[in-house]
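First the structure, in the form of structure tokens, and then the observations on it.
The values are calculated or read from the model by the stated rules, or taken from the named source; none is laboratory data. Small disclaimer: the values here were computed from a predicted structure and weren't measured. Cβ placement follows ideal geometry from the backbone for every residue including glycine, while neighbour counts extend to all protein chains displayed. Surface accessibility is based on the protein's heavy atoms, side chains included, excluding ligands, DNA and RNA. Shrake-Rupley method; radii C 1.70, N 1.55, O 1.52, S 1.80 Å.
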Amino acid sequence: ARAAAADDLIEGAVREALGELKLRAVAMPAVGNVKFPDGGALTFEMHVETAPEFEPKGYKNLALTKKEAKASDADVADRLKQLQEGNARLEVAEGPATKDHYVVMDYALTREGKPVPNGTGKGELVDLSSDQTVEGLTAGLLGAKKGETRELDVKIDGKPARCSVTVAEVKKKVLPALDDEFAKDLGVESLAQLKEKLAEIVQKEGEARGERELVGQIDKALLEANAFEVPASLAEHQLEHMYGRFVERIMGPEGTLPEEDAKKLREKLQPEARNAVRLQFLVARIAEAEKLEATEDDLKAELEKSLSQSETEKDKTRTREVFEKRGDDIRAMIKERKVYALIRESAKI
């Protein structure tokens, strides 16, 4: 009963103290050094990490540069070439293998007469026009013919090894003709229409890239004009979030980095994490200063927009659930969008 009474007293006192001192706590306060003597007052220490106090500045009349997005004939030709390459097929080639060929091979790697772990394979396809992880492999396969076996001196991770290779097939890449039939295979009426669609894609990508660069310039200007320390716990939380996403992207969901590499990566990401937290505070304070809010109408419009992009009833149900569970996050996103819109309106682009 005494412990429960102490908990109640501390909870009420913490809440009252935060309000009375007008402290913007960014995490649950830590309580320590509790004293509750018989017949005496309960006393304790409260350690609270607070939001930084500052007035946002330097967010109006910014000088920004935006690259004009334009799809050139060369851009369209490059995309068309990519499509052609992506729809190429491999056919059996006559004669010895050259740099323009692909080789289907069976192989076994050894080092000092002993098999290399995971160093065997069958039906491996090797592009002789590009470098391989086994150094010396592509050079050793040049001139080889179907059915031929070769013993090659190669390197794995810079260390000498031997590679026994049997060529099962030599193949060549055949590109489809860039004509109306090729366009029809891709779902459009003609090559001219395909080029128009590719131009639209390049144009939209250029516009999106220009927007991202513009936001990057705004972020840089805000950070340069507003230097303040951010709460350590928030910076650490952001760092771990960024670190986790990076590792998952390169190593997979269950992947981990060696301890030394993990330490170096965290050190590299630390300034970026602090800046991300600083921008969150800046956006919030600018919204406060400019009286920008995410209204119920804004939230409703955002929901309608998301529902219009949902293809099935199941998708729409999932969208509604997200809006119910993450309403505060979506409001914050809308408010942030309004802040950046206000900055752009006053900027000289």
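Observations, loosely collected:
- Selection status of K172, in a loop (DSSP other than H, G, I, E, B), in contact with an Asp or Glu (Cβ under 9 Å, 6 or more places away or on another chain), touching a residue at least 24 places away in the same chain (Cβ under 8 Å) and open to solvent by 70 Å² or more (accessible area, probe 1.4 Å): no
- Some residue of region 158-169 being loosely packed, with under 12 Cβ neighbours inside 10 Å and either at pLDDT 95 or above or under 30 Å from D78 (Cβ atoms) (or both): no
- Residue tally, condition open to solvent by 100 Å² or more (accessible area, probe 1.4 Å) and assigned to a helix (DSSP H, G or I), over region 305-349: 10
- Filtered residues of region 235-275 (kept if open to solvent by 50 Å² or more (accessible area, probe 1.4 Å) and more than 18 Å from the chain's Cα centre (by Cα)): E236, P258, E259, E260, D261, K263, K264, E267
- Tabulated pairs, region 247-267, first at pLDDT 90 or above, second in a helix (DSSP H, G or I) and open to solvent by less than 100 Å² (accessible area, probe 1.4 Å), C-beta under 6 angstrom, 6+ apart or interchain: R266/Y243
- Of all residues making up region 297-349, the number that are closer than 25 Å to L279 by Cα and not aliphatic (A, V, I, L, M): 18
- Residues that are outside any loop (DSSP other than H, G, I, E, B) and either surrounded by 12 or more Cβ atoms within 10 Å (Cβ to Cβ) or more than 28 Å from the chain's Cα centre (by Cα) (or both), drawn from region 64-87: D73, A74, D75, V76, A77, D78, R79, L80, K81, L83, Q84
- Put simply, of G12, G39 the only residue that is open to solvent by less than 70 Å² (accessible area, probe 1.4 Å) and not in a strand (DSSP E or B) is G12.
- Annotation note: Cβ proximity below 7 Å between a residue of region 192-208 that is farther than 15 Å from D78 by Cβ and a residue that is open to solvent by less than 60 Å² (accessible area, probe 1.4 Å) and part of a helix (DSSP H, G or I) (sequence gap 6+ or interchain) occurs for Q193/A183.
- Residues of region 304-321 classified as touching a Leu at 6+ places or on another chain (Cβ under 9 Å) and charged (D, E, K, R), total: 3
- Just one of (1) in a strand (DSSP E or B); (2) open to solvent by less than 80 Å² (accessible area, probe 1.4 Å) fails for G140. It is (1).
- Filtered residue count, region 91-126, keeping only those that are in a strand (DSSP E or B), of a type outside the set (V, I, T) and open to solvent by less than 70 Å² (accessible area, probe 1.4 Å): 11
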